[in-house]
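A short reminder: the numbers here are calculations on the coordinates, not readings from a lab. Predicted model, so just to flag it, every value in this text is computed and none were measured. Reconstructed Cβ throughout: ideal geometry from the backbone, glycine too, with neighbour counts over all protein chains shown.
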Amino acid sequence: MAADDGWLVSTPIAHRGLTGEGRPGNSLAAFEAATGLGYASELDVQLTAAGELVVVHDYELSALAGRPLRTADLTPDDRRRLRLPGTDEPIPTLREVLDLVAGRVPLLVELKRPGPSLRAPLAAAVMREMAGYRGPYAVESFDPLLVAALRVAVGRLPAHRRVPVGRLCGLLRTADPVTRFIGRSMVSNVFTRPDFIAYEVDALPSRLVAWWRRRGTPVVAWPVKSPEQETFARRFADNIVFSGYRPRLGGKLAS
């Protein structure tokens, strides 16, 4: 791992920003709270049919919209009109998050799409948007085809611009059997060569994870939800994506 990637193993990463106290996940308020304390932030990005990169986890927004609405069909007007639960905040775009954080902390950007595809417009769009970000960042996905597309896109960056590409894995309880096998076995890692693995904490310990880690691939455990779970996770992983509490930062508690 290059020196400027060190944050991936040293800086706790807030899951969808620092949530709680009226700050829902993937909100500008959550990202600002994490940034203000010095935590890195993880965020979910999807591409809409209108060409917007929106920071949203779910593929379906009916509960938010009060009518059937897929994230892929979200229009710019919908996005600006809808409000995140319990707030007056609209759904943010990736650009809005980048402008807010402005390089003050690293970002871990998860790319999400509802189904596998050999086409990779999402990977290309995200890398174009991230090109001007002034801080360190990494990209990741559950989808091995997206990981492969990200590997190609990152390979086209200038030599001085290092962007780690990661593979998300875990139990995948809700996935179909084939996807679950591919995800749990991480067989695609042989071809996509991820720089790091983000692995579900409930699936640890894992012999496969340990095998990759022994060969120098850093492991990030997610989502870690308590100090006790963090103690467990750090036996098998190099860093954490956390939620619901504030881990130590630089050897002390964030204040």
Practice task
Could you line up 142, 181, 236, 196 from fewest to most neighbouring Cβ atoms inside 10 Å?
Solution key: 181, 236, 142, 196
Completion exercise
Hull surface over four for the Cα convex hull of segment 35-153, reported in nm², is 7.6 nm²
Completion exercise
Simple SL model, points at 7 angstrom along Cα→Cβ for residue 49 and residue 193; separation in nm is 3.8 nm
Problem - Net length gained if the chain between residue 81 and residue 159 were fully extended (0.36 nm per residue, minus Cα distance) - result: 24.0 nm
Exercise for the section: Can you figure out the FRET efficiency of residue 9 with residue 100, using R₀ = 22 Å and their beta-carbon distance, to the nearest 0.05? Expected result: 0.30
Fill in the blank from the handout: Rg/Rh of the chain (Cα atoms, Kirkwood Rh), to two decimals, equals 0.94
Handout entry: Gained length - residue 59 relative to residue 171, 0.36 nm times residue gap less alpha-carbon distance
Key = 38.4 nm
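Work out how much length residue 179 to residue 226 would gain on full extension: take 0.36 nm times their residue separation and subtract the Cα-Cα distance, in nm to one decimal.
14.0 nm
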Exercise for the section: Using the number of other C-beta atoms within 10 angstrom as an exposure proxy, rank 137, 199, 59 with the fewest first. Expected result: 59, 137, 199
